[in-house]
Amino acid sequence: MYASFKSIGAYIPDEIRTNQWFVDRMDTSDEWITKRTGINQRHIASDDQTTSDLGANAAKIAIQRAQLEPSDIDLIICATISPDYFCMPSTACLIAEKLGIRDTMALDISAACTGFIYAMQTAKAFIESGMKKNVLIIGAEKLSSIIDYTDRTTCMLFGDGAGAAVISATENKDEAILDIQCSADGSMQDLLLTPGVQSQEKPFMQMKGNETFKVAVRTLTSDVRSIMEKNNLTNKDIDLFIPHQANYRIIKAVGDALKFDDHQKVVTVAKYGNTSSASIPMAINECYEDKRMTKGDMILLDAFGGGLTWGSALVKFSGN
Ligand code: UT7
């Protein structure tokens, strides 16, 4: 049995927060933010919207596009670092309830910006082992709830949103997700962290931006090279290169090092900022809705985030 990427969906909250919002409140400028990050705006969830609301909205679209009913889903995995509740219940359980799915295994994954790739790897393993048939994977974030809006070095980077996909079992090898690799290294845990209950500090995200930037470029470039070599592929075999959307300069540096052409590179960071685990599925969804991605396309995903965690995936899109 193989795992295939059947469908994609996304939900992006209505409110747009432009760079000017930050300029009005702190010592920064539109020019600095645009030049250093490539971000022009980000979307922010309303006070009464939670991460599970965003995730459930994206999931409904993905299930419908997979031509399935919620009752066909036999595993729900939600990647998030901004869950509705601390520890429990998991955001996946809340999404299950919002979709009307009961008696189905549901769990959260904490792998920061690499969360969607970790979720896909987990879905693939459950399907290939024969244990599950239709796995709903979600990357959902209300990062605005864990951002310190007095810290000018990080607050302008992040936005809210959600993306979801259905990964289904198939016997057709041509539809299979080709390969996924996921890694972690806790020795650099202090680069990106959110203090928890065992700390006296406020539970806001902290990042050593410049150091993280350098490690991200180095790690992502070598990780993509390794998955391509392992599968005997060159950049000519890739239709779309969809990296985690943290900073345009990171995407450009990695894309250039790997010699991807502009038409292969997918860049959405200008509109949405960094939405952590949601950034890759939101970008895939945009390619799908713009008809930039069609059935049979080979997509290369890569992500890097707190933990540290990182991962890459070679995915054949097998939806309609
Ligand atoms: O998604 C998970 C992974 N995340 C990432 O990969 C993000 C990685 N990091 C980054 O994207 C970038 O490091 C940042 C966008 C966060 C920062 O860009 P940078 O080019 O690394 O800038 P820097 O931290 O080296 O700061 C340069 C200067 C500093 O001033 P001095 O010391 O040179 O006088 C900062 O204080 O820019 C200053 N600065 C700002 N100035 C205006 C920092 N934040 C701001 C700001 N507005 N918002």
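The values are calculated or read from the model by the stated rules, or taken from the named source; none is laboratory data. The model shown is predicted, which means the values in this text are computed figures rather than measured ones. Backbone-built Cβ (ideal geometry, glycine too); neighbour counts: all protein chains shown. Ligands, DNA and RNA are excluded from the accessible area calculation, which covers all protein heavy atoms including side chains. Shrake-Rupley method; radii C 1.70, N 1.55, O 1.52, S 1.80 Å.
Observations on the model:
- Counting only residues that are more than 15 Å from the ligand (Cβ to nearest atom) and either closer than 11 Å to A58 by Cβ or free of Cβ contacts under 8 Å to residues at least 40 places away in the same chain (or both), the range 135-162 holds 5 of them.
- All conditions but one from (1) within 29 Å of I77 (Cα to Cα); (2) in contact with a helix residue (DSSP H, G or I) (Cβ under 6 Å, 6 or more places away or on another chain); (3) outside any helix (DSSP H, G or I) apply to G196; the one that does not is (2).
- Among the residues making up the range 110-128, those that are open to solvent by 10 Å² or more (accessible area, probe 1.4 Å) and touching a residue at least 60 places away in the same chain (Cβ under 8 Å) are A112, C113, Y118, Q121, K124, E128.
- Pairs where the first residue, in the range 192-210, is within 17 Å of L157 (Cα to Cα) and the second is open to solvent by 60 Å² or more (accessible area, probe 1.4 Å) and part of a loop (DSSP other than H, G, I, E, B), C-beta under 8 Å, 6+ apart: L192/K208; T194/P203; F204/T194; M205/T194; Q206/T194; M207/T153; G209/T153
- Residues of the range 1-59 classified as open to solvent by 40 Å² or more (accessible area, probe 1.4 Å), among the small types (G, A, S) and within 16 Å of the ligand (Cβ to nearest atom), total: 1
- Where a residue in the range 21-38 is over 17 Å from N247 (Cβ atoms) and modelled with pLDDT of 95 or more and its partner, wherever it lies, is part of a loop (DSSP other than H, G, I, E, B) and open to solvent by 40 Å² or more (accessible area, probe 1.4 Å), with Cβ under 8 Å and at least six apart: V23/S29; R25/Y149; M26/T150; M26/R152; D27/R152
- Answer residue from the range 199-223, given it is open to solvent by 50 Å² or more (accessible area, probe 1.4 Å) and either away from the ligand (no atom under 11 Å from the Cβ) or assigned to a strand (DSSP E or B) (or both) and is farthest from D256 (Cα to Cα) among those: Q200
- Against the numbered list (1) open to solvent by 20 Å² or more (accessible area, probe 1.4 Å); (2) within 12 Å of the ligand (Cβ to nearest atom), N235 comes up short only at (2).
- Index of the failed condition, G307 passing every other in (1) within 13 Å of the ligand (Cβ to nearest atom); (2) not in a loop (DSSP other than H, G, I, E, B): (2)
- Checking each residue in the range 145-179 for being hydrophobic (A, V, I, L, M, F, W, C), open to solvent by 10 Å² or more (accessible area, probe 1.4 Å) and under 21 Å from N231 (Cβ atoms) picks out A176, L178.
- Residue check for K214: within 17 Å of G305 (Cα to Cα) and either touching a residue at least 12 places away in the same chain (Cβ under 8 Å) or of a type outside the set (A, V, I, L, M, F, W, C) (or both): yes
- Failed item, numbered, when C87 is tested on (1) more than 16 Å from the ligand (Cβ to nearest atom); (2) open to solvent by 30 Å² or more (accessible area, probe 1.4 Å); (3) at pLDDT 95 or above; (4) not hydroxyl-bearing (S, T, Y): (3)
- All of A56, A62 fail the test of being outside any loop (DSSP other than H, G, I, E, B), farther than 30 Å from K252 by Cβ and among the small types (G, A, S), apart from A56.
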